[in-house]
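Asks: This structure is in structure tokens; I'll ask about it shortly.
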Amino acid sequence: MWNIPNGYTWIPTTVYAGLPPSAVYAGNDSDGSPIYVGRAYFEGQQLPCKVMPSKNAAYVSYAGKEHFVSNYEGLSGHGFTWIQSGHGHVPAGAVVAGNNSGEPLYIGRAHFQGSLTPGKVHRSHACLYIPYGGDEHAIRSYEVLVGSQRSNWVSASSYGPVPDGAILAGNDVDGSPIYVGKAFHDGDLIPAKVIPSKNVAYVSYNGVEVQKHQFEVLCNGNVSWVPSGHGQIPHNAVVGGHTSSGETLYIGRTHYMGSLTPGKVHPSHGSLYIPFGGAEIPHKSKLNNVPFD
């Protein structure tokens with residue numbers, strides 16, 4: 001399980017619950033209200049969003065319009081910088097905050113009509129899109145948010161190669177490597193096992209193992225696996241997802257039937273669940289959690 005000391009993480013919340021701790025400031029609305037960095041799912045896409053606590057609102061830009069969202073993940077951490085860029089370019093270390101049909105989306109910001117508004121950098125469109133005044137606005141010159149640590153979630157699919165720097169989690173019974181992933185299923189964002197040799201990822205849900213073909217893979221960073229059990233969460237554990245009711249899920253792994261398999265640590269259940277052989281297998285005491293050094 002993992003959080004990221006001296007780096008950043010995404011924390012699930014709502015516009016009615018207040019900002020997460022160490023929320024990342026992005027700019028201001030035209031009336032001077034502060035805006036923070038977030039990301040949210042909308043129409044099947046994960047998109048950067050602008051979070052406006054003074055208005056109990058968050059907005060994404062999509063298909064030419066600005067859209068309100070109530071549930072989002074707030075970016076939390078320290079050590080960020082904004083670097084000038086434009087025309088679809090992003091600097092090294094740019095923070096990935098979403099995807100559009102598998103293409104990574106990055107966090108940018110730009111001055112617009114008296115505001116400093118964050119949005120999504122869409123490289124193949126060669127611009128930043130910001131949500132403002134009910135519409136989606138394309139801007140060619142912008143700043144990009146760059147993080148202080150190198151671990152990040154990269155959008156992937158079963159039809160493409162495993163991303164560079166993917167974090168190894170273990171091995172299947174035939175020795176095939178398994179990587180750390182996460183994927184959405186039935187309203188939950190769930191830690192996943194990604195098996196490139198089988199062109200698939202799996203999550204465990206409601207007693208069964210579920211195939212996923214669109215997912216994210218954790219890449220880069222200095223990590224170690226720390227023994228734990230009974231749903232306990234060590235300091236600096238990395239968040240691997242959340243339930244539809246808002247409970248945070250973490251990444252764990254355990255040895256099972258000749259494999260070393262990752263899955264989801266569900267604190268309120270006091271258990272690690274792994275997807276294996278078509279089923280969801282609970283483990284109370286034999287689990288390992290993954291903090292960053």
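The values are calculated or read from the model by the stated rules, or taken from the named source; none is laboratory data. Predicted, not measured: the structure shown is a model, and the values here were computed from it. Because the Cβ atoms are built from the backbone with ideal geometry, glycine has one as well, and the counts that use them run over all protein chains shown.
Asks: Conditions: (1) modelled with pLDDT of 95 or more; (2) of a type in the set (D, E, K, R); (3) within 25 Å of Cys219 (Cβ to Cβ). Glu103 meets all but one. Number of the miss?
Replies: Exception for Glu103: condition (1).
Asks: Something else about it: Within the range 193-212, count every residue that is free of Cβ contacts under 8 Å to residues at least 60 places away in the same chain and of a type in the set (A, V, I, L, M, F, W, C).
Replies: The number of residues fulfilling the criteria is 4.
Asks: Given the options Leu128, Leu116, name the one that is farther than 20 Å from Pro262 by Cβ, touching a Phe, Trp or Tyr at 6+ places or on another chain (Cβ under 9 Å), in a strand (DSSP E or B) and assigned by TED's automatic domain parsing to the domain that holds Ser33.
Replies: Leu128
Asks: Now, a different point. How many residues are modelled with pLDDT under 95, hydroxyl-bearing (Ser, Thr, Tyr) and under 17 Å from Val203 (Cβ atoms) if we restrict to the range 269-293?
Replies: Count: 1.
Asks: Output yes when any residue across the range 5-15 is of a type outside the set (D, E, K, R), without any contact (Cβ under 8 Å) to a residue 40 or more places away in the chain, in a loop (DSSP other than H, G, I, E, B) and out of contact with any Lys or Arg (no Cβ under 9 Å at 6 or more places or on another chain), and no when none is.
Replies: Scanning the range 5-15 turns up no residue that is of a type outside the set (D, E, K, R), without any contact (Cβ under 8 Å) to a residue 40 or more places away in the chain, in a loop (DSSP other than H, G, I, E, B) and out of contact with any Lys or Arg (no Cβ under 9 Å at 6 or more places or on another chain).
Asks: Could I ask something else about it? Residues to consider are Ser141, Ser115, Ser148, Ser157; find the one that is surrounded by fewer than 20 Cβ atoms within 10 Å (Cβ to Cβ) and either modelled with pLDDT of 95 or more or in contact with a helix residue (DSSP H, G or I) (Cβ under 7 Å, 6 or more places away or on another chain) (or both).
Replies: Ser141
Asks: If you don't mind, another one. Restricting to the range 212-268, name every residue that is within 22 Å of Ala201 (Cβ to Cβ) and not in a strand (DSSP E or B).
Replies: Selection gives His213, Asn220, Gly221, Trp225, Thr243, Ser244, Glu247, Met257, Gly258.
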